[in-house]
1. Could you check, for the range 375-394, whether at least one of its residues is within 28 Å of the chain's Cα centre (by Cα), assigned to a strand (DSSP E or B) and either modelled with pLDDT of 90 or more or farther than 30 Å from Ile268 by Cα (or both)?
2. Taking the conditions exactly as written (surrounded by 24 or more Cβ atoms within 10 Å (Cβ to Cβ), assigned to a helix (DSSP H, G or I), out of contact with any helix residue (DSSP H, G or I) (no Cβ under 7 Å at 6 or more places or on another chain) and touching a residue at least 12 places away in the same chain (Cβ under 8 Å)), does Glu17 satisfy them or not?
3. Among the listed residues Ala176, Ala126, which satisfies the condition of being among the small types (Gly, Ala, Ser) and assigned to a loop (DSSP other than H, G, I, E, B)?
4. Any idea which of Val224, Val231 is over 30 Å from Asp484 (Cα atoms) and hydrophobic (A, V, I, L, M, F, W, C)?
5. So if I check each of Arg154, Arg189, which one is modelled with pLDDT of 95 or more, touching a Phe, Trp or Tyr at 6+ places or on another chain (Cβ under 7 Å), assigned to a helix (DSSP H, G or I) and open to solvent by 10 Å² or more (accessible area, probe 1.4 Å)?
6. Count, please, the residues in the range 193-206 that happen to be open to solvent by 50 Å² or more (accessible area, probe 1.4 Å) and either of a type in the set (Ser, Thr, Tyr) or free of Cβ contacts under 8 Å to residues at least 12 places away in the same chain (or both).
7. Restricting to the range 32-55, name every residue that is open to solvent by 20 Å² or more (accessible area, probe 1.4 Å), outside any loop (DSSP other than H, G, I, E, B) and of a type outside the set (Asp, Glu).
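The values are calculated or read from the model by the stated rules, or taken from the named source; none is laboratory data. Not measured: the values here are computed from a predicted model. Positions of Cβ are generated from backbone atoms using ideal geometry, with glycine treated the same way; all protein chains shown enter the neighbour counts. These area figures cover heavy atoms from the full protein model, side chains too; ligands, DNA and RNA do not enter into them. Shrake-Rupley method; radii C 1.70, N 1.55, O 1.52, S 1.80 Å.
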Amino acid sequence: MSKERLIIFDTTMRDGEQSPGAAMTREEKLRIARALERMRVDVIEAGFPAASNGDFEAVRAIANTIKDSTVCGLCRANDRDIQRGIDALKGAKSWRIHTFIATSPLHMEKKLRMTPEQVLEAAVLAVRYARNACPDVEFSPEDGSRSDPDFLCRVLEAAIREGATTINIPDTVGYAVPEQFGEMIRRLRERIPNSDKAVWSVHCHNDLGLAVANSLAAVRIGGVRQVECTVNGLGERAGNTALEEVVMAVKTRRDFFNLETRIDTTQIVPTSRLVSQITGFVVQPNKAVVGANAFAHASGIHQDGVLKARETYEIMTAEDVGWSTNRIVLGKLSGRTAFRQRLKELGIELESEEAVNRAFQRFKDLADKKAEIFDEDLIALVAEGDKASAEERWRLVTMNQASGMGERPHASVVLAENGTERRAESDGDGPVDATFKAIEKIVASGAELLLYSVNAVTTGTESQGEVTVRLARGGRVVNGVGADTDIIVASAKAYVAALNRLVSKVERLNPQHAL
């Protein structure tokens, strides 16, 4: 008996980007989109075309690049938003308009200041407008899990009648619990006469840690056949349903769900690493499926069992999700051909020969510092290079720092500001603090440091340290990432990268349009 297919809808570049500091450039979005396509994600929500010209261009670039996945754009329920979505997506081989409006009493009264009848009319007109241009239209009632069931039925029946091909029920604030949520969707499908004319979907947030459980309950109890999710569970507040967890739950427990996805699960870990390095959101070690400890066994009893038979303590294999010990054997004598070939095998595509040359030089510099170069090193090296842009105002030229027991840490830094070198020195409570204070003497940004995080790219004392710095100023929140075998240098790179994003005209604060 053939299994039904569960559609995987990824919103890493839309809802995931709404995490404070996670805004992505056009080039970074393209890299993630290509990775999602290699993973064989069914639908890629590329962004919010009406949010800004930058997001519009990023969505259009992805639409014109991706061939094996449907590319989707989110639009509010008004003609202007939907037209921007149409203009951005119409070049895609397969595309979808996703339009939404809030339907809960709280949102309608306090946020929209609209009556239920006005909301119903707006939903109808939005779906109608989108359907005239695009055969694939998704409609979402924002805050659906807290909406009045009778009103929700009216809105959804009307949306389907106007041509919505997918109906998505969002648990916008993570309020739902699994059994209740699954039953709610089952009842909606039973009550709405034309419910069989659309694919039913869910979009769950993780405020109570139930996003994956709610999504799977909606699949099992509610008959949902699309799950909206993000890589690493990235998203605003506590995040969204984690793509990797849903996919592996359905694959591992196919006996229970009797469903299949078209996901190439061996691409899960590489894509997880890519998203983590681009956004600066480090994956916790004990994170299911993609965490560093996900397949580690510390207990002697567990180790003994795994050595005798892996299935005693492993319900899936590390290789199934893309974990490997693969390393490249390249060094300072290696040529561009071998370097380029390994990048290709890792799914890394650089846009120009100049970009390849810059990455190759960074590789050579790294090869002078450490004997073994791992795939993770290459990914970090390329990700760091992506942070530089023509909009770069400050560049780290050189730095020195000194610290020791009983001594006050001291740092000196030279930055190039629009080509002019400036030097500053400072003491601090530690070498990183001294370095950041020296940088601030030059730039005087007035930014607040929200996060300083260090992550080892690989194992061993020669490992590159990858540092994430999150800065805030005037309501704008940005991340900067730096990598180096010297953790203080990596810290300085990350701080300067964040400063450049803070003043960049390319980067922008993503509007918080929640679903």
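1. Yes, that holds for at least one residue.
2. Considered against the rule, which asks whether it is surrounded by 24 or more Cβ atoms within 10 Å (Cβ to Cβ), assigned to a helix (DSSP H, G or I), out of contact with any helix residue (DSSP H, G or I) (no Cβ under 7 Å at 6 or more places or on another chain) and touching a residue at least 12 places away in the same chain (Cβ under 8 Å), Glu17 comes out as yes.
3. Ala176 is the lone residue from the list that is among the small types (Gly, Ala, Ser) and assigned to a loop (DSSP other than H, G, I, E, B).
4. Going through Val224, Val231 in turn, just one is over 30 Å from Asp484 (Cα atoms) and hydrophobic (A, V, I, L, M, F, W, C): Val224.
5. One residue alone meets the criteria, Arg189.
6. Here the count works out to 1.
7. Of everything in the range 32-55, those that are open to solvent by 20 Å² or more (accessible area, probe 1.4 Å), outside any loop (DSSP other than H, G, I, E, B) and of a type outside the set (Asp, Glu) turn out to be Arg34, Arg38, Asn53, Gly54.
Okay, residues lined up against (1) without any contact (Cβ under 8 Å) to a residue 60 or more places away in the chain; (2) under 15 Å from Ala213 (Cα atoms); (3) among the acidic types (Asp, Glu); (4) touching a strand residue (DSSP E or B) at 6+ places or on another chain (Cβ under 7 Å):
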position: Ala158; (1), (2), (3), (4): yes, no, no, no
position: Glu162; (1), (2), (3), (4): yes, no, yes, no
position: Pro170; (1), (2), (3), (4): no, yes, no, yes
position: Phe181; (1), (2), (3), (4): yes, yes, no, yes
position: Met184; (1), (2), (3), (4): yes, yes, no, no
position: Arg191; (1), (2), (3), (4): yes, no, no, no
